[in-house]
Amino acid sequence: MFKWLKGKKGNKPNDVNIDYNRIPKHIAIIMDGNGRWAKAKGLPRTFGHRAGVETIRKIIKECDKIGVKYLTLYAFSTENWKRPKDEVGALMNLLVEYLKNEFEELNSNGVVINHIGDITKLPKPCRDELVSAYEKTKNNSGVVMNLALNYGGRDEIMSAVKDIIEDIEDKKISKYSLDENLFSNYLYTKKMPDPDLVIRPSGEQRLSNFLLWQCAYSEFWYSNINWPDFTEEDLHRAIFDYQNRDRRYGGIK
Ligand code: FPP
């Protein structure tokens, strides 16, 4: 199986000089603009999603190459069920196709294929592929790819609160031990660092219920490019800008 070339840093893209010693550990991306990309080409929206999968392929590989440890991709939100049935169905089919087609290559390159969100509401073939991909890759040591599916930040926080109440009632934890750290352990992203950088292409500048708790001190990067046109070079630009920000976490320097 094809092995990605690791450590070939700086070959491409060559006009953005990122500092390879300060690569963000966790990048989260709102993969927006697939529909507009397709519309501009006179194609059905689902073609945009399919083109978006090509971008995922490129970006995961680039993340592995430059040393990003966690990549979280917003693929389907708790609100996306409001879309036409055909589009929802096409997205679910695309997910199964993606996991089936890409599994070998991702696994052989050490990627952990993880998911976040309430996947119990997804169709069975999606759940089966997600669970099987995770089980087979959970001990890999490469990039952790979090596919956010039926994910909503408010939903995640609500379900954490319910689980905490249950654990307090069952005397598994004491209400006095509850702090931000313990709370974080009830989220889908438990044991992962918060995103350093959140990227949203397509011109929209909002969070759309994505990682509400985890993004408290993330840096944001927006661009007008639609997700299917997003390239490795755009990723480097986002990282370059990130590396030139002054992260103070509410303090002063
Ligand atoms: C937002 O663009 C995109 C989505 C809701 C779906 C993202 C899905 C993929 C990139 C492919 C499927 C994912 C996997 C993991 C196989 P939009 O459709 O809202 O675009 P628009 O705002 O231009 O209409």
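The values are calculated or read from the model by the stated rules, or taken from the named source; none is laboratory data. Since this is a predicted model, take the numbers as computed values, not measurements. Here the Cβ positions follow ideal geometry from the backbone for every residue, glycine too, while neighbour counts run over all protein chains shown.
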Original post:
Across the range 100-127, what is the total count of residues that are buried (at least 20 other Cβ atoms within 10 Å of the Cβ) and within 11 Å of the ligand (Cβ to nearest atom)?
Top reply: 3
Original post:
Which one is farthest from the ligand (Cβ to nearest atom) among residues in the range 140-168 that are of a type in the set (A, V, I, L, M) and part of a strand (DSSP E or B)?
Top reply: V144
Original post:
Taking the stated definitions as given, is K171 at pLDDT 95 or above, over 16 Å from the mean Cα position of the chain (by Cα) and part of a helix (DSSP H, G or I)?
Top reply: no
**OP:** Return the total of residues in the range 181-208 being in contact (Cβ under 8 Å) with a residue 12 or more places away in the chain, under 25 Å from R237 (Cα atoms) and assigned to a loop (DSSP other than H, G, I, E, B).
**Re:** 12
**OP:** For residues that are outside any helix (DSSP H, G or I), within 13 Å of the chain's Cα centre (by Cα) and within 12 Å of the ligand (Cβ to nearest atom), tally how many sit in the range 28-75.
**Re:** 9
Original post:
Is one or more of the residues making up the range 80-98 among the hydroxyl-bearing types (S, T, Y) and either in a strand (DSSP E or B) or more than 21 Å from K61 (Cα to Cα) (or both)?
Top reply: no
**OP:** Just give me the residues in the range 89-147 being out of contact with any helix residue (DSSP H, G or I) (no Cβ under 7 Å at 6 or more places or on another chain) and among the aromatic types (F, W, Y), in sequence order.
**Re:** Y134
